[in-house]
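In what follows, a structure is listed as structure tokens, so that the remarks can point back to it.
Every read-out reported here was derived from the displayed coordinates using simple, explicitly stated rules and does not represent laboratory data. Being a predicted model, the structure only gives us computed values, none of them experimental. Neighbour counts run over all protein chains shown; Cβ positions are idealised from the backbone, glycine included.
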Amino acid sequence: MALIRNMVAQDLPYVYDIALKTAFAGLDGMPYYYDKWAVGHYYAAPYFFFEPEVCFTALNDQGVPSGFIVGTSDTRSFNRWMQNEWLVPLRKFYDGVTEFKSDAERNTIKQIIKGPGEGLWQNLGYPAHLHVDLLTILQGKGLGKALMHTFFSALQAKDVHGIHLRVDGRNVKAYGFYEVMGFSILEEVGGSAIFGIKLA
Ligand SMILES: CC(C)(COP(=O)(O)OP(=O)(O)OC[C@H]1O[C@@H](n2cnc3c(N)ncnc32)[C@H](O)[C@@H]1OP(=O)(O)O)[C@@H](O)C(=O)NCCC(=O)NCCS
């Protein structure tokens with residue numbers, strides 16, 4: 001039976017792999033990237049280093065990490081830490097990259113170089129944000145929902161009650177999932193939507 005537990009450092013190679021295999025609007029990003037690490041460097045691994053207590057791994061029946069939820073309870077502090085620490089060596093490396101396999105890879109590397117903004121949704125009562133990804137084989141079995149509820153509980157334990165997240169407009173499946181999970185659209189920007197939820 002699939003299992004959810006706190007993320008540990010040994011999960012990281014799997015986390016990078018899952019991040020890439022769900023990177024193309026929820027579908028496999030492998031065909032679109034020369035660099036197999038860029039996606040995980042920005043959208044998955046840093047959360048574990050910043051706030052491991054709100055990061056969780058889903059294991060398949062054989063105990064192999066096959067999905068995760070990562071996030072932060074404090075987007076503004078996370079974004080500052082990204083800009084001032086995590087991204088510093090990555091920028092040095094990716095600044096020299098000039099060959100991209102696709103627009104998706106170009107945009108990810110551009111994002112690494114630019115970094116996140118200030119965390120504007122924090123001002124409006126949505127300080128937390130998250131990323132949730134499952135390999136295809138584990139999708140549609142209730143694990144996404146279980147990961148979300150695990151994340152919600154971890155946030156409530158920190159007395160944080162507002163979450164936002166960004167969804168690529170092409171990822172229609174994820175729109176349906178977040179709506180069922182109780183999120184609603186706060187804003188639509190540049191082909192994607194910001195969803196938000198206030199927990200009790
Ligand atoms: C999106 C994702 C995390 C959802 O997880 P999941 O395990 O497939 O979803 P679950 O089986 O837990 O579904 C939970 C609920 O959402 C509903 N749901 C899931 N997808 C849905 C959809 N496309 N439309 C409507 N409802 C949907 C399910 O029916 C279920 O409802 P119920 O609780 O009433 O039975 C997962 O499919 C995934 O990792 N996709 C690829 C990566 C991705 O797109 N990540 C999000 C990027 S923003």
Listed by chain and number, the residues whose amide H is under 5 Å from that of Gly29, excluding neighbours fewer than 5 places away on the same chain and using placed H, are Lys21, Thr22, Ala23, Phe24
When a footprinting reagent is the concern and you count Cβ atoms within 10 Å, what order do Met181, Met82, Met1 take, fewest first? Met1, Met181, Met82
Tensor-based shape of the range 3-163 (alpha-carbon gyration tensor, a/c under 1.5 rounded, otherwise prolate or oblate): oblate
Taking the Cα centre of the range 3-163 as the origin, how large is its charge dipole in debye, to the nearest 20, when only Lys and Arg (+1) and Asp and Glu (-1) carry charge on their Cβ atoms? 140
If you find the alpha carbon centre of the range 93-147 and of the range 25-63, how far apart are they in angstrom? 9
With both partners inside the chain, how many of the DSSP beta bridges are antiparallel, as a percent to the nearest 5? 95
Please rank Leu130, Leu120, fewest neighbouring Cβ atoms within 10 Å first, as an exposure proxy. Leu120, Leu130
